[in-house]
Protein chains: 2
Amino acid sequence: MPSSNPFRPALAKMQPYVPGEQPQGGKFIKLNTNENPYPAPAAVTDAITAAAAAGLQRYPDPTASSFRRQAAEVLGLPGPEWILAGNGSDEILTILVRAIVGEGQRLRLPYPSYILYRTLADIQGAVWEQTAFESDWKLPAAFGEGDEDLRLAFLPNPNSPSGTVLPPEEVLSLAERLPCPLVVDEAYADFADSHCLDLVRQSDQVFVTRTLSKSYALAGLRFGFVVAQPQLIAELQKIKDSYNCDTLSIAAATAAIASTDWLADNVAKIKATRSRMQDRLTELGFNVTPSQANFVWCQHPHKSHKELYEQLKRSQILVRYMNFPQWGDGLRISVGTDDQADACLLMLSQLL
Amino acid sequence: MPSSNPFRPALAKMQPYVPGEQPQGGKFIKLNTNENPYPAPAAVTDAITAAAAAGLQRYPDPTASSFRRQAAEVLGLPGPEWILAGNGSDEILTILVRAIVGEGQRLRLPYPSYILYRTLADIQGAVWEQTAFESDWKLPAAFGEGDEDLRLAFLPNPNSPSGTVLPPEEVLSLAERLPCPLVVDEAYADFADSHCLDLVRQSDQVFVTRTLSKSYALAGLRFGFVVAQPQLIAELQKIKDSYNCDTLSIAAATAAIASTDWLADNVAKIKATRSRMQDRLTELGFNVTPSQANFVWCQHPHKSHKELYEQLKRSQILVRYMNFPQWGDGLRISVGTDDQADACLLMLSQLL
């Protein structure tokens, strides 16, 4: 006698995570999901073509060894055993929550930040709690306090939507005070002035996650990774699907992470455009939070952000309207090419 | 004050799933993980090359619409909303367990069958229970009985290691008796005489999973899917990562599922070689279970299966030695090309 709803009660209660719009047709200037406006290094396309030509009938390397070796070298890590690769850093975040947070236990995130952490807690039947940033985007001391029911804390660094960064020494101090591991989500770290990779050698309570979606222009590839001490990586390994990364993405990611000159050049271009965007948005009357990511968070003192978003969308320019209850709303605008940024800024100047 | 082991107790207790050997170097005749010996359709390589050339800087379609539309048409389903695509059918199985089975609840599988189901239960902190097949690879009536703590049952059909199939009418009857949903894992169904896709219209308790790894020669791509009623698919959607399938795999899978002539030709070749392998193994004195999959399960009345496996491996021929405690052991040999099968059979004839 089948039950009519076979799903776990946690599912019925939860709000699914809704990613930014991904129009599959139409000619949008797309500045809403922090994609890189430039194509990935040519070496990536070559690696994909070669891997496809070699045939896909065999299972991939279960642990993406070639990528992990290359990444350890480029990032100055002791060895590949400090890295777990995943199907996007989304999968890495999922693995971390599944490995560490049980039903009814708690995880913590700052507010406003990446809403996905809440969804991951909801799926797990866990409880999330938010600590509001202070007005200067610092974290209050309370973020580092908790009891044994607090199992995991997330810190996006740079944060979204703000693009702000806590320096490594503050992050380490936070990790040392917390009663649980700290995940430093460095999706945007290549665009910032500092990162926390070095902390994993100093603390077995720090996990640093990275993605190739943003700074390597490979959002379509789905490839991310986590860096942590080897005994932690070994436990996370138990959770992942046997073949979570495919042959094409392993080949592409290995080529991408080796493209250090390309990365430096790409990041320099993004930062230059970001600087121009920030200046012009300020001239237009927005309050602009100085960004260390590939997007800019801006709020206008008088105009409706929702209306600005909708007016831009009617002109085929997509930005992200974000509304954080009990906190406020604003526009998060990804850094595009100079032409894309100019089109968006021009349209905004006409709307204000 | 960080705890020394931050992981859920379920992880410490569990045995990680160990997939078949995947030697990354060396010239093995690889008949151990049921890969297809032939390359995927040329249309797949073309689709990958085109998608890579178009650039990967944008996020993929979150719901793999192009694949789902094409698959619904090819498989005769009412529409794409009956399909959820995943990063290999491993991810689909993971999503099903996470969506339906809570901590401390139970899932059921036949024995011997696919050990991964047990791992998925272990990760979830759930309890797995096995029902032994009868001697003719039928299921005892007890497999269909249970109380409300039984949340999910798995039926690999064709089964591994046996390659045997329960006909759709028996599967439907089983689903109607069970107190929980039934996942019919059809990883090998394209090689069989029947399948259960039609059952999803008749019952909201049936989920049918498929993979492109075996019959489409795309194990390296990681692409699988589940077919079920739309209201069930909508709930599963909440669990998956936002972008669980990448741009390349969606393009490749869409091209693959449309390659119906290629599939028919490939399956015919595999079946012909399977038939030859079964005949010859029988001549060599093995007890051979008639297979409806792309592998053959055989047991020798006198010889040590472990030693045969090791002797073959020394000759660079990899087959799968499988030992099921309280049940028995044997060799599972994937159907290769005729040349690969002949090499394996010749070596076996010399070892016996």
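The values are calculated or read from the model by the stated rules, or taken from the named source; none is laboratory data. Being a predicted model, the structure only gives us computed values, none of them experimental. Note: ideal-geometry Cβ built from the backbone for every residue, glycine included; neighbour counts use all protein chains shown. The accessibility values were calculated without ligands, DNA or RNA, using every heavy atom of the protein model including side chains. Shrake-Rupley method; radii C 1.70, N 1.55, O 1.52, S 1.80 Å.
Quick look at the values:
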item	result
Gain on full stretching of the segment that runs from B:Asp198 to B:Ser315 - 0.36 nm per residue minus C-alpha separation	37.7 nm
Estimated inter-spin distance, B:Asp46 and A:Ala53, nm [label 7 Å along Cα→Cβ]	1.7 nm
Alpha-carbon Debye profile of the stretch A:148-199, log10 I(q)/I(0) at 0.17 Å⁻¹	-0.49
The stretch B:156-259 - Debye-derived log10 I(q)/I(0), Cα point model, q = 0.15, 0.16, 0.18 Å⁻¹	-0.69, -0.78, -0.96
Beta bridges by DSSP in the protein assembly as shown, antiparallel share as percent, to the nearest 5	50 percent
Exposed trypsin sites (Lys or Arg not before Pro) absent - longest run of chain A, DSSP non-H/G/I/E/B, at most 15 other C-beta within 10 Å	A:139-352
Alpha-carbon spread of the protein assembly as shown, three principal axes, descending order, Å	85, 51, 49
Threshold 20 Å² - residues in the stretch A:62-94 whose accessible area is reduced by that much or more when the chain is no longer isolated, probe 1.4 Å	A:Pro62, A:Asn87, A:Asp90, A:Thr94
Estimated distance in nm for a label pair at A:Gln299 and A:Ser173, the labels positioned 7 Å out from Cα along Cα-to-Cβ	2.5 nm
Span-like helix ranges in chain A, DSSP H, alpha carbon extent 27 angstrom or more, Kyte mean at least -0.5	none
At R0 = 30 Å, FRET efficiency that the Cβ-Cβ distance of A:Ala268 and A:Tyr111 yields, to 0.05	0.40
Reciprocal mean inverse distance between Cα atoms of the stretch B:209-278 - Kirkwood radius, Å	14.1 Å
Max mean-square fluctuation residue, GNM over chain A, Cα-Cα springs under 10 Å, options A:Leu93, A:Leu139, A:Leu197	A:Leu139
Ellipsoid equivalent to the stretch A:42-258 - semi-axes via the Cα gyration tensor, in Å	30, 18, 16
Point-to-point label distance, B:Phe324-A:Ser135, nm (Cα→Cβ direction, 7 Å offset)	6.9 nm
Summed side-chain charge close to B:Arg69 - residues other than B:Arg69 whose Cβ falls under 15 Å, Lys, Arg +1, Asp, Glu -1	-2
Beta bridges per DSSP with both ends in the stretch B:42-259, % antiparallel, nearest 5	30 percent
R0 of 30 Å, Cβ-Cβ distance B:Val74-B:Asp339: FRET efficiency to nearest 0.05	0.45
Neighbour net charge for B:Tyr114 - beta-carbon separation under 11 angstrom, K R +1, D E -1	-1
Residue-count net charge about A:Ser334 - beta-carbon cut-off 13 Å; Lys, Arg +1, Asp, Glu -1	+4
The stretch B:91-136 and the stretch A:15-76: distance between their alpha carbon centers, rounded to Å	32 Å
Whole-number D in µm²/s for the stretch B:1-123 (Stokes-Einstein; Kirkwood sum over Cα pairs; 20 °C, 1.002 mPa s)	113 µm²/s
Cα-based shape type of the stretch B:70-122, given that a ≥ b ≥ c are square roots of the gyration tensor eigenvalues and the cut on a/c is 1.5	prolate
Estimated FRET transfer efficiency when R0 is 45 angstrom, pair B:Asp147-A:Glu145 (beta carbons, to 0.05)	0.55
Average projected area [Cα convex hull, the stretch A:241-352], square nanometres	9.9 nm²
Euclidean distance of C-alpha centroids, the stretch A:289-352 and the stretch B:142-188, integer Å	52 Å
